[in-house]
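The values are calculated or read from the model by the stated rules, or taken from the named source; none is laboratory data. Owing to the predicted nature of the structure, the values given are computational and were not obtained by experimental measurement. We place every Cβ from the backbone using ideal geometry, glycine too, and count neighbours over all the protein chains shown. With ligands, DNA and RNA removed, areas are computed over all heavy atoms of the protein, side chains included. Shrake-Rupley method; radii C 1.70, N 1.55, O 1.52, S 1.80 Å.
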There are 2 protein chains.
Amino acid sequence: MTKWLDNQGPYKDTVVSSRVRMARNIKDFFFPTIKDPAGGEKVIEKVYQSIISANEAMNKDFKMKRMKDLTKIQRLQMVEKHLISPQLAKHHESGAVVYNEQENLIIMVNEEDHIRIQALLPGLQLKKVLESANQIDDVIEERLDYDFDEEFGYLSACPTNTGTGMRASVMLHLPALGMSGQIHGMLQFANKMGLAVRGVYGEGSDFTGNMYQISNQVTLGVSEEEIIEKLQEITMHIIEKERSLRKNLVKEQPMEIEDQTHRSLGILKSARIISLEEGMKLLSNIQLGNSLGIIKNPELGRIHQLITMIQPGSLQAALGKELNLRDLDIQRGTLLREKLTNI
Amino acid sequence: MTKWLDNQGPYKDTVVSSRVRMARNIKDFFFPTIKDPAGGEKVIEKVYQSIISANEAMNKDFKMKRMKDLTKIQRLQMVEKHLISPQLAKHHESGAVVYNEQENLIIMVNEEDHIRIQALLPGLQLKKVLESANQIDDVIEERLDYDFDEEFGYLSACPTNTGTGMRASVMLHLPALGMSGQIHGMLQFANKMGLAVRGVYGEGSDFTGNMYQISNQVTLGVSEEEIIEKLQEITMHIIEKERSLRKNLVKEQPMEIEDQTHRSLGILKSARIISLEEGMKLLSNIQLGNSLGIIKNPELGRIHQLITMIQPGSLQAALGKELNLRDLDIQRGTLLREKLTNI
């Protein structure tokens, strides 16, 4: 369970979550891309101490996990929950993650940079999520010396992160744009406006479940506020388009949408074998049906939880063992049936 | 509702029903294929009187409907319930049908022949169904003069019906043969043995819902008992093959069959729009699931009822108005949901 997903934010009908990520490095240590186990371990200790020594609340709230102490399945589950990046899961010798109980304030240690602060909130809350990330950033900066250049800003292992070192992103659910085929034009538009678009699960180019992550690409020569404002503006534009297409759907094909919603819920409640792709598609359908008021249950937050829970890592972590594709599909069917049986 | 379908007969897992049809003509009247309205009306009266004058029970049990007094929708529904043939529904100026309360003893009047006696029973009961048809045949023959030739037997408007004038048929549900692709070889075998194979609903070559009707083709030079025995023998062979394939399915793909059953029932209980083809396919799936003991409800007889009820004529007759294809699909969804909601 990803606790913060149960809360619902503004524009919940289209925006699943907002995220801000900051890249920071500590003076006098090699970048993590250079092999230095002793240095890497010191960085982990310094970062963790800076958090839990900040105050009693943070001491209680945050915990740390070293990648090397986790199984492959546990790391995969953390990727699916957006706790860590696929890169950190893969290069796990000297990596670690520090995160709070809600799992929405996260510090990845020794990924590409020494420190990657991540803050997440449900719905469209870019300013608030920036504030949250800034608070963590301040806590660490008070205690550690960042690699900072007056001219270039925060230095980073990868030049594209230099400057503010910040990436802001929104995770969007855009079924009507997907169904109408207008999504491609919309993604091209976002690209032209300097934003990157990728899928949320599986490979980056895979938009199963009509889920899209849109983020800024430029971090140098712009302020954090400018990045947020631009992303907010383009997101609002996409939301309006998606909402207008949904209105058309309800007006022109009310019975088809009702059919799609109830049929999808019917399958989710009864099937014994569900592939990841089908599961994502069916959950996307009931997400849309919920947004349109066709069904009230399950609630949006619960559907977002289920999207995470049916991913391969989460399914295997729940059983505590590796599963082949077929057994994953059966386990996915069992989980969905159990979770939706009383709805 | 087709009352007799609620009962279940031998080999109910594969045999929906058995039917015997007899072609008879009355002396001194033109065959119905020759236009003679006054003569046609006399034939109707004679046949109807011969039935209701037989005894008090039959007088109470049987009723008569003239085709011209029925709407196109009502005639279509009667075709779907196997009360009348498509030919009688089409050439409806001088046609009529006499049938009992259970709707399984039927006399079509002025179809291709003056009299077509039909008897139906659930499951594989060819001998019993022949007895039933013979009883009706005897009742009429005591009161009317049949066109009978010592050498050729019963004379008929179409030479292929001359002789016994009898066609026996079984309606089979063969999903495992369908799924395995072995159905084609089986149908070729039946053809080679002198039997005709057609679909049950829609055009004769359309095997939606894995439903097949197998009947004798030759009526001259063989006895009624020989026809029945041969059909019974080949039907038993097909049943054994179907059952053995089902056993394999359960052994090799138990989870897939369970998935297919529950998924199909889930869709039937929740969808808002269901095409005839999809409805037939889903009902075929739960029919198989029921035969294999995966679900107990709905019962087989109820499923067979539903197959009739979702046909276009029955849906329109229930509402008392013509519907376009889209509205038929919506009405079909509504009916299935209502009938299956508590299962």
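A compact table of results
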{"item": "Of residues in region B:293-330 being in a loop (DSSP other than H, G, I, E, B) and among the small types (Gly, Ala, Ser), the one nearest to the other protein chains (Cβ to nearest Cβ)", "result": "B:293"}
{"item": "Unmet requirement for residue A:333, which otherwise passes all of (1) within 10 Å of another protein chain (Cβ to nearest Cβ); (2) in a helix (DSSP H, G or I); (3) open to solvent by 10 Å² or more (accessible area, probe 1.4 Å)", "result": "(3)"}
{"item": "For residue B:135: the one exception among (1) surrounded by fewer than 22 Cβ atoms within 10 Å (Cβ to Cβ); (2) outside any helix (DSSP H, G or I)", "result": "(2)"}
{"item": "Segments classed as helices (runs of 4 or more DSSP H), wholly inside region B:19-110, with at least 3 members that are buried (at least 21 other Cβ atoms within 10 Å of the Cβ) and more than 19 Å from the chain's Cα centre (by Cα)", "result": "B:37-52"}
{"item": "Filtered residues of region B:267-281 (kept if open to solvent by 10 Å² or more (accessible area, probe 1.4 Å) and either of a type in the set (S, T, N, Q) or within 11 Å of chain A (Cβ to nearest Cβ) (or both))", "result": "B:267, B:269, B:270, B:272, B:273, B:275, B:278"}
{"item": "Condition check for residue B:88: touching an Asp or Glu at 6+ places or on another chain (Cβ under 6 Å) and not basic (Lys, Arg)", "result": "yes"}
{"item": "Test: residue in region B:265-287 that is farther than 26 Å from residue B:15 by Cα, in contact (Cβ under 8 Å) with a residue 60 or more places away in the chain and hydroxyl-bearing (Ser, Thr, Tyr)", "result": "yes"}
{"item": "Pair list, Cβ < 9 Å and 6+ apart or interchain, from region A:241-262 residues that are within 12 Å of residue A:292 (Cα to Cα) and at the interface with chain B (Cβ under 10 Å from one of its Cβ atoms) to residues that are in a helix (DSSP H, G or I) and charged (D, E, K, R)", "result": "A:257/A:246"}
